[in-house]
Structure formats: structure tokens, C-alpha cells
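Step one of this worksheet: look at the structure below.
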Amino acid sequence: IEFIWWMKKQGYKESTYLSRDRRLRRLVNLGADLSNPESVKETIAKQERWKESMKEVAVFAYDLFVKWMGLKWERPRYKAIRELPFIPQEREIDDVIAGCNEEIVLLIQIGKETGARAGEIFAIKWTNIDFERKSLQIIAEKGSNPRIFKLSNKLFDRLNSLPKPNERIFNHYSNLNNLRRTYERQRNRTTQRLRNPRLKKITFHTLRHWKGTTEYHKTKDLLHVQQILGHKNVKNTLL
């Protein structure tokens, strides 16, 4: 709890400190002693089912904890193997949408139309929507650029029909992780019902990959895709 509070004071986003908290708790459950760097290294090394990418993020999470605790350690060398992102067919995204509740559908539809990060969508306030111009402003996170998108009639009508008792659109969920878990349960049920295992690979971030890929396919304009995704460095768009 003290470590999470320290991250919050340092200006880390809620999604960042919650994910690092989750990874550190996982290490503890696997038998790691967080006050002993060698114990943590040994625990990570024993996880034969973990991909290199999973070991790498566990190391990054603990690396910040070490800094906070004032400990010293030699960080183990794990390097994620870059894979091509999973790009679903549009009808598969629509299949998932059909199996979700109203708020999850809204998040997926916004992600599909804008390619915004889940954290950016979760933070949307009603004041970010211009109902006269039918536009949505995305407040950037992770050092990206802010963006404005024209809403489709379908998305605009859905937003316009919702009650607006709170400041945020997704106010029913205390944090993004709760929203993500709800989505995963509903997506998994749809996966089983339609017997399409590919649907289980559709995450919130998949929608960002899908948007960037389809926009480049339509325009062949890398700078346009960079602007859509809010990247400050075109190298990120190239990846």
C-alpha cells in the first residue's frame, strides 16, 4: 500500500500502479520475498510457462519497487520477442460487441472508431463530447498527443441516449481493471457460445492495433496513422 501511494505521489497513472501492484502480488503468491532481490530473480526464473515478455514486465515492476525500497540488484536480462499483433476481422469485433452489456459495448465502439487506449477512453468525461459538432476529444496519456474525432451517427446516438448523472461516462466502474475483468467475462462467454477461439484474443489494445492497421490499409499514409494514434514519435507508428 505504501509503494502504491508512493507511485501515486510520483505522478504514475492509476493503470500503471495497479498493474505493477498486481504483478508484485503475483510474485509474492509464487513464493518470492520482495525484500530479497535474489528470491525474486529465482522466482521469475522458475516460471517456465511464462513468455520472455511476461518475465520482462515482472522485472520492470520489481525494478521500481527496488528503487522505492532503496535496495540494490542486478536486473536479469529478459527481452520480449516482438510478434505481429493479432488483428481480428471486423465481424469478430462485432460478434464480441453483440455479447456485451451497454457500457462495455460503448467502450469497444469508441476504441474501434478512435484507436484510443483503454485508459484514455475510461477517463472520458461528458465535457469532452461536443454534441453540437458530434465530436469527441481524447485526452492523451503515456506522453501521446491529444486528438479529436468525428463521431459516427451510430456512436453519437448511443452516447446521446445515455443519462448523464456523473462527470465520467464510465462512472459505474471504480477503475479500469474492474471494467476489463467485466469485459473478459462477457467476451469469454461469447467465445464459447460461438465456438471461435480467436475472439478470446481480442483485448482492449487489440482495437488500437486494428484501427491503426485498417487506417493504413485505407490511406497508405503513415503520418495520418501517427496522428490517429497520437504517437509523438513516428517510430512507434512504424512498429
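Observations, loosely collected:
- Positive minus negative residues near Lys218 (Lys, Arg vs Asp, Glu; Cβ under 13 Å): -1
- Label-to-label distance, nm, for residues given as Trp126 and Asn233 (7 Å Cα→Cβ offset): 4.0
- For segment 18-101, lysine pairs with C-alpha atoms less than 14 angstrom apart, excluding pairs fewer than eight positions apart on the same chain, total 5.
- Cα Rg over Rh - segment 50-165, Kirkwood: 1.11
- For the chain, the average shadow cast by the Cα convex hull is 14.9 nm², which is a quarter of the hull's surface.
- P(r) tail for segment 1-108: Cα pairs beyond 17 Å make up 63% of the total.
- Exposed loop sites here are GluC sites (Glu not before Pro) assigned a DSSP state other than H, G, I, E or B and surrounded by at most 10 other beta carbons within 10 Å; excluding them, the longest clear run of the chain is 168-239.
- Three-way shape label, segment 116-239, alpha-carbon gyration tensor, a/c 1.5: oblate
- Once divided by 2.2 N^0.38 Å, the Cα radius of gyration of segment 166-239 becomes 1.42.
- Computed over segment 1-59, the P(r) curve from all C-alpha pair distances, binned at 10 Å from the origin, holds 22, 50, 27, 2 percent per bin.
- Within straight-line cross-link reach of Lys164, lysines at Cα separation under 19 Å, skipping those fewer than 8 residues along the same chain: Lys125, Lys134, Lys154
- Convex hull (Cα only) mean projected area of segment 157-197, reported in nm² to one decimal: 4.2
- Mean residue ellipticity (222 nm) of the chain, computed from DSSP H runs ≥ 4 via -39,500 (n - 2.57), nearest 500: -17000 deg cm²/dmol
- Kirkwood analysis of the Cα pair distances in segment 67-111 returns a hydrodynamic radius of 14.7 Å.
Taken together, the values in this text are just the output of simple stated rules run on the coordinates, not laboratory data. Everything numeric in this text was worked out from a predicted model, so none of it was measured. Every residue, glycine as well, gets a Cβ built from its backbone with ideal geometry; the counts of neighbours run over all protein chains shown.
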